[in-house]
Structures are given as C-alpha cells and as structure tokens.
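To keep things clear, I will list the structure first and then write my remarks on it.
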Amino acid sequence: MSELSHQHHSPGFLKKYIFSEDHKIIGIQFLFTGLVFFAIGGILAMMVRLQLAWPDGNLPYIGKWFPQAWGGKMSPDFYSMLFTMHASVMIFFVVIPWLTGAFGNFLIPLMIGAGDMAFPKLNMLSYWVLWPAFIIICCSFFVDGGAAGSGWTAYPTLSNTNAEAGLDAPVAKEGEQAKKEPYSLFKDDSRNSPAASGSGMGQILWLVSLLFVGIGSMMGSVNYITTILNMRAPGMSLMRMPLTVWSLFITAVLQALALPVLTVALILQLLDKLIATNFFLPPGGMTFGNWQTTPGGGQPLLWQHLFWFYSHPAVYIMILPAMGIVSEVLATFSRKPLFGYKPMVFSMAGIAGLGFIVWGHHMFQSGMDPRLGTGFMLATIMIALPSAVKTFNWLATLWGANIQFTSAMLNAMAFVSMFVIGGLSGIFMAATPVDVYFHDTYFIVAHIHYVLFMSSIFGIFAGFIYWFPKMFGKLMNEPLGKLHFLLTFVFGNLTFFPMHILGIGGHPRRYYDPTIYQYLENLQPLNQFMTICALMLGLSQLIFVFNFFFSLAFGKKADKNPWGANSLEWEAPSPPPHGNFESIPKVYRGPYEYAVDGPTDNLPQATPMGATHS
Amino acid sequence: MKIFWSLVFAVINIGALGIFIAAPYMGWWLPKNVSSFGGDVDRLFYIILAVTGFFFVLTQGILVYSMIRFGDRKVEKASYIHGHLGMEALWTAVPCLILMYLGFVQVPAWAKMKYIDLETWFPVRFSGKNIEHDLDMVVLARQWEWRIRTPQGSRAANAAQWAETGNLNDLHLTNEIHAWKDARVRIHLKTQDVIHSLFLPNLRLKQDALPGKTMPVWFQAIEANVKYNPATGQLEELTPNGAWEIACTELCGGSHYRMRGKLYIHESKQDYDRWFADAMKLQRSHELNKQANIAASTGGRQ
C-alpha cells in the first residue's frame, strides 16, 4: 500500500473534507456527528429526569413547552418517547459511532502503520450510509404519534402491533360485523398502533433508521478486520499491536457476527408493521379495548432472543474499545509498561466470546424456561472473571508507576474506578433469584449508566484528549479539561449512584410518575436530588464542548509526540497528511516500553535501537 | 495536585459506600419481605453485597493508594515490569472460585421459585412429595390494570381448563390480590394485549406475562396484613401504612406506571372465606357487571 501513500494529489474541498476517503477525516466526521447526537441524547435524558423529580408537572417555564391539552406538562406517551429515544440515540448514534466509528477509523491505520484503510471507498460509505439514519431518526420526532415509544428494546407486542385500517372508525355494535377496509400500506391510519401512540409511524422510522446504522457498522467491521489482518507494518505482529487496536479488532469481529441477527430482527419487525406478517404476534391474537387483532402465528419471545443476541454483544462493543483506549492512556501516563499484555488480550477475547452465550440473562423473568436461566446465569457470572483480570492488571499498571495527572489520565483512572462499580453491580442481576427482585428496577438503570456513561464515556473523553493533538495538531486546554473532568466525575456519581438505592427500594424503571406508589414515597427526595445533579452534569458537558472548539481554534500547537508515547501514530506528523507516514515505519517491539534506560524513559515501537527490550 | 485528585476519588468512593450504609436507616432499602422464598432472595442479596462490597473497597483502595503513593514521583523512572505470572494466576483463580460459589449458591433458590412442574403445578423441588396448593388464581394483565379471578372454594377442579374458560361462580376483582397467610397460591398469569410484568416487591416475586401464554407463578405469604370485618364490610389493616403493592415492571404503553394494585393477605382461611362470601354476594348483585367482567377476563375468548 506504500504506493498509495505517496500519491500526493490535492483533492478539492468537497473531496477532502466532505466525501473524503481518508480514514482520518472519516473518523473526525464520526466524532462531530456523535457530538451533535450526544447533545440531543443529553437533552432527552434531562427531560426524563425533570419528569421523574416533579411528576406533577407545573414546572416553571418548561411547562409552557407542552401543548395545552396535556395540562402544561408532559404526557405519559411523550415521556415514553423521551426515554426510548434517549437510549436509542445514546447507544446507536453516540457511543457506538464514537468508539468504533471515530476511534476505529482514526486510529487503526495509524496505529498499525498503514497508509489508509483496506477499502477507503467502503469506509466513506460506512459514514454516509448513516446520514439516512440521522435524518430519519430526527424526522421521527415530528410524525403523528411522536417518535418511537416502546423502549429502546422495542419488545413486541407493544412495538409491532399494527392497527388495521378502519381501527379509528366507530366500533361496531354488538352482533354486527366490524367494518373492515382492506389493509393499505399507504393509508395514514394503517400506521397507527393500538398499543401505544409511539409504536406507530415513529416505530417504523426507528426500525428503518437502525437498519441503516447496522449497515454502516457492518461496512466498518469488514474494513477494520481486513485492515488489521492484512495491512500491518513490517514487524507489527499481532502480539505487538497496541491494546486499542486489539480491542477494536475484537469489537469488529463481535459486530460482524452479531449484527446480522439484529438486522434480521429489525426486518422481521418492520414486516410485522408494514405488511402484517405476525412474526412476533401470538397465535391467539390480542385484545385492545374493543378491538381484537387477527390471530398471529408467531412468538413475542422470539424478538427478545434475536434482539439480545445482538444487544448483549453490543454492550461489549460499547465497552471493549474504551478498555483499549484506557489501557493506552494508563500506560503512557504511568510511564510504565502495561501490566500483563497477554492476559489483557485474552481477557478481552474472553469477554467477547462469553458475550455470545449470555444474552438470556436479560430474559430471566421473560417466560423463558427457567432451567435455561440457570445456564445463562453461570455463563454471565463467569464474565466477571475476565473483567476482574482486566481491573487487576490496570491496578498493577499503576502500582510502581510514576503517575502524571493529566486530564486524559484522570479520565482513564475514572474509567477504572467506575468500571469496578458497573461490573460489580452486574453480579446482582446475573444471579437469577436476586434478579427476580432487581429486574427492570432502577438497579439496572444504575448498572447500565455506570458501564455506558461512567465507564465508556470517560474512556471516550480520555481518548479524545489523548489523540486530540494527533487529530488536529493542537493540544486541548488542560485546566479546562480538568475542570470538566472534576464536574463530570462528581455530578455523574451523584446522579447515577443513588439509582442503586432506588433499585434496592424496588423503584421500577420507565415510570412516568412513581409517586402514586406508597412503597416508593420515601425515595422521591432522592429522585429530585438526582435530577438536580443530572442537570449540572449536563451543563458540565458544555465545558467540554467549549474546550473542544476553543482548543481547535486557539490550542497550543502540538508536536509529533506530545505525550512521549510509543505506538506508531506518534511517528506521523500532527495532524498526519493524506497517507499518514512519510515512509511506512518498521516495528521493533511492543507498544508499552516505558521506564527503560536511555535518553528518554520510553522506547517507541519504530525506533531501531538495539533489541534490549523485545 | 496529586493529593487533590486522590481526595476526589477517595471522597466519591467513600460517599458511595456511605450511602449504602445509610440507606437502610433512611428507609431506602428492600421493602419488608413477606414470602416464603423471599428470605432466600434477601440472603443471596446480602451474600453478593458482602462479596462485591469487599472487592469494591479493595480495588478502589488500591487505586487511591496508588494515586497517592505513585503520583508525580520525583524519580527518574517508574519500575520496569511487564507482568507477573504468579499474580495473574492468583487474581484469576481466587475470583474464579468466588464467582463459581456465587453462581452455584443461587441455584436452589431459583429452582424453588421458578422450576414449576406443569403436571403437579408445583416447584420441582417439592414434586414427589405432592404438596397440594390451596388457592388458584388467574391474573390477567391488560392496558392498564390487573384483572384477578378466583374460583369458588379456592381451588379449581381442573385448573388448566378453568384458567382458560372460567366459571360462573368465579369472583372477579380488579387490581386486588387476596390470599391468606401460609396459603400456597398458584397464579395463572396471562395478558390480553402486550407484555406486562407482575411485580410484588414484598413477595420478591416478578414474572412477565406473555401474550398467547399462561405463565405459572406461585407464592406463599408468611405474614398477614388485613382482617375482614363482616359488620362493616371493610378490610382492616393489621399494620397501619403497611400497604403491600402490585406494580408492572415491563413497559406496556403510556400508562405503564398506573398498573398499581394491592396485595391483601388475610390472617386465616376462615377470614378469607368470610370476605370471599361477602364479596361474592356483592358481585351477584351486580349481574351486569359480572357478564362484562367474564368477557374481559377471558380475553373475549370463552
């Protein structure tokens, strides 16, 4: 590929920054769109919190946003839409695009010493195929009935019951046959759902949008796997790859194997909704008020199996790259070799492998055979083992280190600290009898936010700060970075930690108004406290956004290797030109040679200086 | 700076620990357990809490200690070490054993709660001993309420058949589950529209209702909360403010949160029977209501 990197042509603006085939630009495109959706998802989350803290409504100012018909407050259906779209946006449009899209694209060729991805055109397409998804998901907020409101898990039959045409017609009198018009795809009311207002057109758009996201991710995966396997620089053996590359490789394999299942499930549900195929509707039909559906022939539980067969590996897709990033940052700012490189690789592979046989732990109470539950429980609990191995190796990396308290390092250490909490709280729900109580309470909400927000997002922040100089040739502002970290760490914990307590109190998730329950009365002050902290947490992110753009414009200029790190991306100029390296580097050793003798305490992978540390 | 950041991490983690210690005293804890298997659930919860609590303190302690001890050191280099096989073996083997223990210790309680032999309709653990149940009940979920149906004489002759078709002498209630102390109750859990989940926090009981299926659920309450007063026709609470509630824990549409019900455990079978007889009389006097209720609670498929 070295010929490619030497083609110094200067493409026009459109080709260079918009329809670019350069992996770095594509990565940065993912970064920016992710940032936009991070804001959207965050606003949705804060509105969810507002409702939970003051379910009676009558909020100052905010009440005026809502239609008069709702009485100056949110409607329950609107609330369902909020949490559904918050989760969908954060998972499919923020965390996955950031981790695999932004970091995957930007880092893989640079870190393995390649000029670009194996398939640059496909790479460009993997980003642009997301644009239909972006547009569709944004439009879905404005369709009749609102955006999807059946949870990000979209369980049938809430999500896929499609009203036949004529549902809105007056109900037939007793003894009289209800008047049925032939089913029509193009009639408006054929998209209404009798189950929930957000399960009509909004749900259809949600399904279509996610299909595009899936296609984009699949293109990315194929590209990452091929690039990593075929385009490593000379000397870059698999066991010399930085852990970030390992984590992205394992993630790509996970995605390639799991995504087809989600795609199939989405298509099946789409068919259910559009042409009434009944894949997920029960044989006996259902009754909504006075209206009875036609008998189905399917099985609601089938969706859950298909959905979680993807979505459980998906949570590893959303954490593994962050683990890789954190390993990188921890080693660099510990100025010490990463402890246990091989155990780290094997434990990531272990998490990924086990990740395929644990999806049933989302379904312990679903009506799945409880004996299967026992098997899923044992597999799930064993996933804590590779996670524990990783944690201990990170801690051992810090032991005897010379820790530099940079903002990237603080975020990385916060990842370790928070991942411990998120990992440990998972054991409660893995244990079947305990899960009977904790299933679908705030305990699981606490757990997912400790893993996906407090862990993944801290990993992402660490990565952004760490590679910002490589991306843009400038350093992010350190004091602002530290202030942002401090506020995020404090308010994040104050927001999410009390959720464990709500869960122990038995507070169910997805409740519009928990105060009507006597047993939850005591917990309401906690809800209000968490909401205030959540608002502060949201505001704190503005510091990050400001820092990001401020540093982009006025940041200190960064040289090639501002952190004294070892991996190959630091051999390229900051920012690297098209083709990345002046000449493809040669790799002599692993990426974590810190604390070595010599002029500096690090020995980069591409420095040909003896073989004292292999 | 290192002292400041170490303190930030330490304070957050100590705070996290503190809220767990304070929560029971603030009334932010598990609701009172009143079921026969709930004690097992709580015990397992505390076992996991102890183990995870230990590892929480251990790992966060090492992290904060490392930040203080190894932060901004005035040394030329950190120590050059790539790994240690012995340590790896240690922190693989020890958690492995603990996790295996945590896994297997769950199995009996789970079996007791959920392994239901569909022939005898009782947990397989008890089958063979042929323990009889005391009370049949159909709980039919719909948007957005629980419809409860119990047979005359507490037990249905052919329960599977009865659960589907019902009987003219059934008592129909909405959002109220009645049983008596120590009664072994079997619930035929159904739904007529979307997935719902029957959650009784005090019984440590939760089960999704699946469209098109009848899910077996059982419980045995070991404590009573009401006594029927035939003179007034009212239920009297034995412990004031001791309402035991029913909630739905599977998103079932906009008013998901409104599927609130109440659990009434009578102090004896006699008390339950007295209440049942009066409730039945009341129902008979509303003949029209009854017709409508049967139609609805069998999902219109009689």
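Quick note: the coordinates plus some simple rules give every number you see, no bench work behind them. What you are looking at is a predicted structure, and each value in this text was computed from that prediction instead of being measured. Because the Cβ atoms are built from the backbone with ideal geometry, glycine has one as well, and the counts that use them run over all protein chains shown.
When a/c is below 1.5 the answer is rounded, else prolate if a/b is larger than b/c, else oblate, so apply that to region B:4-114 with a ≥ b ≥ c taken from the square roots of the Cα gyration tensor eigenvalues.
oblate
How long are the three semi-axes of the equivalent ellipsoid of region B:135-299, in whole Å, if each is the root of 5 times an eigenvalue of the C-alpha gyration tensor, listed from largest down?
Square roots of five times the eigenvalues give 23, 19, 15 Å.
Which angle between 0 and 90 degrees, to the nearest 10, do you get for helix B:287-297 versus the longest principal axis of chain B when only C-alpha atoms count?
The answer is roughly 40 degrees.
Sort out for me the Cα centre separation of region A:516-574 from region A:394-442, rounded to whole Å.
Each part reduced to its Cα centre gives a spacing of 18 Å.
Ignore the peptide's own chain and count Cβ atoms of other chains within 10 Å of each Cβ in A:284-293; give me the average, rounded.
Neighbouring Cβ atoms belonging to other protein chains average 5 per residue here.
Which ³J(HN,Hα) values in Hz, rounded to whole numbers, follow from the phi angles of region A:424-433 under the Karplus curve 6.51 cos²θ - 1.76 cosθ + 1.60, where θ = phi - 60° and Gly and Pro get x?
5, 5, x, 4, 4, 7, 6, 6, 3, x
Leaving out same-chain residues fewer than 8 places away, which lysines sit with a Cα under 18 Å from that of B:K77?
A:K336, B:K2
For a quick check: with amide H placed at 1.01 Å from N, whose amide H comes under 5 Å from B:W244's, ignoring anything fewer than 5 positions away on the same chain?
The answer is B:L263.
Tell me, which longest segment in chain A has none of the GluC sites (Glu not before Pro) that fall in DSSP loops with at most 12 further Cβ atoms within 10 Å?
The longest uninterrupted stretch comes out as A:177-614.
Would you calculate, for chain A, the mean residue ellipticity at 222 nm contributed by helices, counting each DSSP H stretch of 4 or more residues as -39,500 (n - 2.57) and dividing by all residues, to the nearest 500?
Mean residue ellipticity at 222 nm (helix-derived): -18000 deg cm²/dmol.
Mind listing the phi-derived Karplus ³J(HN,Hα) values for region A:449-458, rounded to whole Hz, using 6.51, -1.76 and 1.60 with θ = phi - 60°, and x for any glycine or proline?
6, 5, 7, 8, 8, 5, 9, 4, 5, 5
Once amide H atoms are placed 1.01 Å from N in the peptide plane, what residues at a sequence separation of 5 or more from B:L135, or on another chain, have their amide H within under 5 Å of its amide H?
Result for B:L135 returns B:R184, B:R186.
Counting pairs of alpha carbon atoms under 8 Å apart in space and at least six apart in sequence, what relative contact order in percent does region B:135-299 give?
Averaging sequence separation for qualifying contacts and normalising by length gives 26 percent for region B:135-299.
With each label point set 7 Å from Cα along the Cα-Cβ vector, what nm distance links B:T232 and B:D72?
7.0
Which entries in A:K586/B:K74; A:K24/A:K560; B:K32/B:K190 show an alpha-carbon gap greater than 24 Å?
As for pairs spanning more than 24 Å Cα to Cα, those are A:K586/B:K74; B:K32/B:K190.
Let a ≥ b ≥ c be the square roots of the eigenvalues of the Cα gyration tensor of the protein assembly as shown; is it rounded (a/c under 1.5), or, if not, prolate (a/b larger than b/c) or oblate?
It comes out prolate by the Cα gyration axes.
Counting other Cβ atoms within 10 Å of each Cβ, which trypsin sites (Lys or Arg not before Pro) in region B:1-80 have at most 11 and sit in a DSSP loop?
Of the trypsin sites (Lys or Arg not before Pro), the ones in loops of region B:1-80 whose Cβ has at most 11 other Cβ atoms within 10 Å are B:K74.
Relative to the first principal axis of the alpha-carbon coordinates of chain B, what is the inclination of helix B:85-104, with its axis defined by its Cα atoms, in degrees from 0 to 90 and to the nearest 10?
Long axis of B:85-104 versus the principal axis of chain B: about 10 degrees.
In deg cm²/dmol and to the nearest 500, what is the mean residue ellipticity at 222 nm of chain B if only DSSP H runs of at least 4 residues count, each as -39500 (n - 2.57), divided by the residue total?
Counting only the DSSP helices, I get -13500 deg cm²/dmol.
Relative to the longest principal axis of chain A, what angle (0 to 90°, nearest 10) does the C-alpha long axis of helix A:76-88 take?
Between helix and principal axis, roughly 30 degrees.
Shielding by partners for A:330-341, please: the mean number of other protein chain Cβ atoms within 10 Å of each residue's Cβ.
3
With a cut-off of at most 15 other beta carbons within 10 Å, and DSSP calling the residue loop, which trypsin sites (Lys or Arg not before Pro) in region A:540-577 qualify? Please list them.
For trypsin sites (Lys or Arg not before Pro) across region A:540-577 that sit outside H, G, I, E and B with at most 15 neighbouring Cβ atoms in 10 Å, the list reads A:K556, A:K560.
Find the relative contact order for region A:499-614 and round it to a whole percent, using C-alpha pairs within less than 8 Å whose residues are 6+ positions apart.
Relative contact order here is 16 percent.
Using 1/(1 + (r/R0)^6) with R0 = 56 angstrom and r between the beta carbons of B:V11 and A:W291, what's the FRET efficiency to the nearest 0.05?
Given R0 = 56 Å and the Cβ-Cβ separation, E is 0.50.
A:G200's amide H: which non-local residues (gap 5+, or another chain) put their own amide H closer than 5 Å, with H modeled 1.01 Å from N in plane and none for Pro or chain starts?
A:S193
Quantify how strongly other chains surround peptide B:82-92 by giving the mean number of their Cβ atoms within 10 Å of each of its Cβ atoms.
Mean number of neighbouring Cβ atoms from other chains: 6.
How high is the relative contact order of chain A, given as a whole-number percent (alpha carbon pairs under 8 Å, six or more residues apart)?
The value is 16 percent.
7 Å from Cα along Cα→Cβ at both A:F549 and A:I43: what's the point-to-point distance in nm?
Once both label points are built, they end up 1.4 nm from each other.
Based on the alpha-carbon gyration tensor of region A:383-452 and its eigenvalue square roots a ≥ b ≥ c, which shape applies: rounded if a/c is under 1.5, prolate if not and a/b is larger than b/c, or oblate?
oblate
Using the Karplus curve 6.51 cos²θ - 1.76 cosθ + 1.60 with θ = phi - 60°, what ³J(HN,Hα) values do you get for each residue of region A:378-384, in whole Hz, with x for Gly and Pro?
3J(HN,Hα) across region A:378-384, in whole Hz: 5, 5, 5, 4, 5, 5, 5.
In square nanometres and to one decimal, what's the mean projected area of the convex hull around the Cα atoms of chain B?
22.3
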